[in-house]
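Notes for the one structure printed next.
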């Protein structure tokens, strides 16, 4: 995975979000599931971004007690019924972690750890008084992405400078930093850490628009660029499925490393477009542009086409990670059609100014250019 694609994955965990209700029976956990054996006291480091609110909503629905620790900069009005503590992940800034001193929780969910020094500070402080540390890492923690069906034993990324505290100009440090954060938590709380490695987290309120662009563009109709082939693999995870499984992970005190990717059955670009057609009813004309053609014209998996990557060479295993361990540990998935439906409905409900400013995807000009170039090759 190149640094730009690492950036895409980072955005999936830092985008602001709230939740849209989904159909019953399609969730990993819901209020209709059997009640947990005991209510947990859970500390969330973060909690007001994208995954954080999804987790808080799911945990509250299960009757757990939540405390949010953050700077109070991002949507502090969320969850008025939940205890909020203010401070900074950096122990050297703004009072640091002082608000956590002497407090006890059953578990902590770390959605905002990007630098090992800060993860080490929080895990060492909380270790004596917290039973479990759940860290949100990333698929970017792996060293390479060229092998299909990689499981959690695959080689991981390393840092040339283990003390670095910036992502790098092209986010080249992102994967190594995430792996170093995993290690910092495990060193502080050996045997009590769950390191979760999601890929593309998608769904309603994902402000990165990487996945959202596809159903939005399909709904617009006309001739549409379709990258590669219908069989090209695609892995995503709905933020609500991930959040609900994290609640289950805490309820069961599950530890270890897990690839949090989906859907449950192998999916593809063709499957994505079929879902878009089912949701929108549009007869959008798909023009498939082969990977070789796109590579020749600068679309190498880190160009303007979001999420898709050519399933060859460096990216051969990009959307083919094994999720067997997470599924065995209870991860469940709603239908991708529901994710497409809810994501499109959310985006279409946004103010016009927001709808006119897609933050990812192929511009109409670039799409027309590529389609024209392809047409020329067809005589």
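Values in this text are rule-based calculations from the coordinates and carry no lab data. Since we're looking at a predicted model, the values are computed, not measured. Virtual Cβ from ideal backbone geometry, glycine too; neighbours counted across all protein chains shown.
The table that follows gives values for the structure above.
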{"quantity": "Rounded to 10°, Cα long-axis angle of helix 116-126 versus longest principal axis of the chain", "calculated": "40 degrees"}
{"quantity": "Measure of compaction for the chain (Cα Rg per 2.2 N^0.38 Å)", "calculated": "0.98"}
{"quantity": "At R0 = 51 Å, FRET efficiency that the Cβ-Cβ distance of residue 93 and residue 229 yields, to 0.05", "calculated": "0.55"}
{"quantity": "Förster-model FRET efficiency, 30 Å R0, residue 349 and residue 369, C-beta, rounded to 0.05", "calculated": "0.45"}
{"quantity": "DSSP beta bridge pairing in the stretch 3-377, given as percent antiparallel to the nearest 5", "calculated": "10 percent"}
{"quantity": "Label-point gap, in nm, between residue 304 and residue 274 - each point 7 angstrom along Cα→Cβ", "calculated": "3.0 nm"}
{"quantity": "Antiparallel content of DSSP bridges confined to the stretch 34-191, in %, to 5", "calculated": "5 percent"}
{"quantity": "Global form of the stretch 274-327, assessed from the alpha-carbon gyration tensor, a/c cut-off 1.5", "calculated": "oblate"}
{"quantity": "Extension gain, residue 85 back to residue 165 (0.36 nm per residue minus Cα-Cα distance, nm)", "calculated": "26.3 nm"}
{"quantity": "Stretch gain in nm, segment residue 104-residue 286, where the contour uses 0.36 nm per residue and the Cα spacing is subtracted", "calculated": "60.0 nm"}
{"quantity": "Cα point-scatterer Debye curve for the stretch 134-260, base-10 log of I(q)/I(0) at q = 0.18 Å⁻¹", "calculated": "-1.14"}
{"quantity": "Convex hull of the stretch 22-163 built on C-alpha atoms - directionally averaged projected area, nm²", "calculated": "11.4 nm²"}
{"quantity": "Estimated [θ] at 222 nm from DSSP helical runs (n ≥ 4, -39500 (n - 2.57)) normalised by residues in the chain, nearest 500", "calculated": "-9500 deg cm²/dmol"}
